[in-house]
Amino acid sequence: MMIKYTNFSDGIHQIIFDEPVEKVGLEELFFGNVQVNCRMDKSQHQIVLNCEAVVNSKMVCDRCNSEFNT
């Protein structure tokens with residue numbers, strides 16, 4: 001995922017991505033879409049990003065060794 005920050009004016013902007021895990025390049029244990037919600041604070045001299053990502057994954061329990069999805 002790329003953010004073309006030059007297209008944004010100075011100030012606070014909300015940026016939301018919803019992309020398949022294959023497009024993002026995540027490993028096989030992840031599935032579905034990656035949802036990324038970013039708050040970009042752009043000024044003349046700096047850019048500050050605060051992002052939260054949500055993705056589903058296949059995990060294995062350490063105790064019982066069974067697979068489960070998160």
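Filter region 1-18 for residues that are surrounded by 14 or more Cβ atoms within 10 Å (Cβ to Cβ) and either out of contact with any Cys (no Cβ under 8 Å at 6 or more places or on another chain) or at positive phi (or both) and give the result. Across region 1-18, the qualifying residues are Phe8, His13. Name the single residue that is farthest from Glu22 (Cα to Cα) among those in region 44-70 being surrounded by 10 or more Cβ atoms within 10 Å (Cβ to Cβ) and either in contact with a Leu (Cβ under 8 Å, 6 or more places away or on another chain) or among the hydroxyl-bearing types (Ser, Thr, Tyr) (or both). Only one residue tops the list, namely Met59.
Within region 26-43, which residues are farther than 19 Å from Ile16 by Cβ and among the charged types (D, E, K, R)? Correct list: Glu27, Glu28. When the criteria are applied in full, Asp41 fails the requirement of being in contact (Cβ under 8 Å) with a residue 12 or more places away in the chain, exposed (fewer than 12 other Cβ atoms within 10 Å of the Cβ), assigned to a strand (DSSP E or B) and touching a strand residue (DSSP E or B) at 6+ places or on another chain (Cβ under 8 Å). Considering region 49-60, the residues that are closer than 19 Å to Glu27 by Cβ and not hydroxyl-bearing (Ser, Thr, Tyr) include one that is nearest to the chain's Cα centre (by Cα), namely Ala53. Step by step: first the residues of region 1-32, then only those that are closer than 29 Å to Gln44 by Cα, charged (D, E, K, R) and in a loop (DSSP other than H, G, I, E, B), then the one that is farthest from the chain's Cα centre (by Cα). Which residue is that? By that ranking, first place goes to Asp10. Within region 48-70, residues that are part of a strand (DSSP E or B) reach partners that are surrounded by 10 or more Cβ atoms within 10 Å (Cβ to Cβ) and among the hydroxyl-bearing types (Ser, Thr, Tyr) with beta carbons closer than 8 Å, at six or more positions or on different chains, in the pairs Asn69/Ser57.
FYI, it's all coordinate maths here, none of it is from the lab. Only a predicted model underlies this, so the values are computations on that prediction, with no experimental measurement involved. Heads up, the Cβs are rebuilt from the backbone with ideal geometry, glycines too, and the neighbour counts pull from every protein chain shown.
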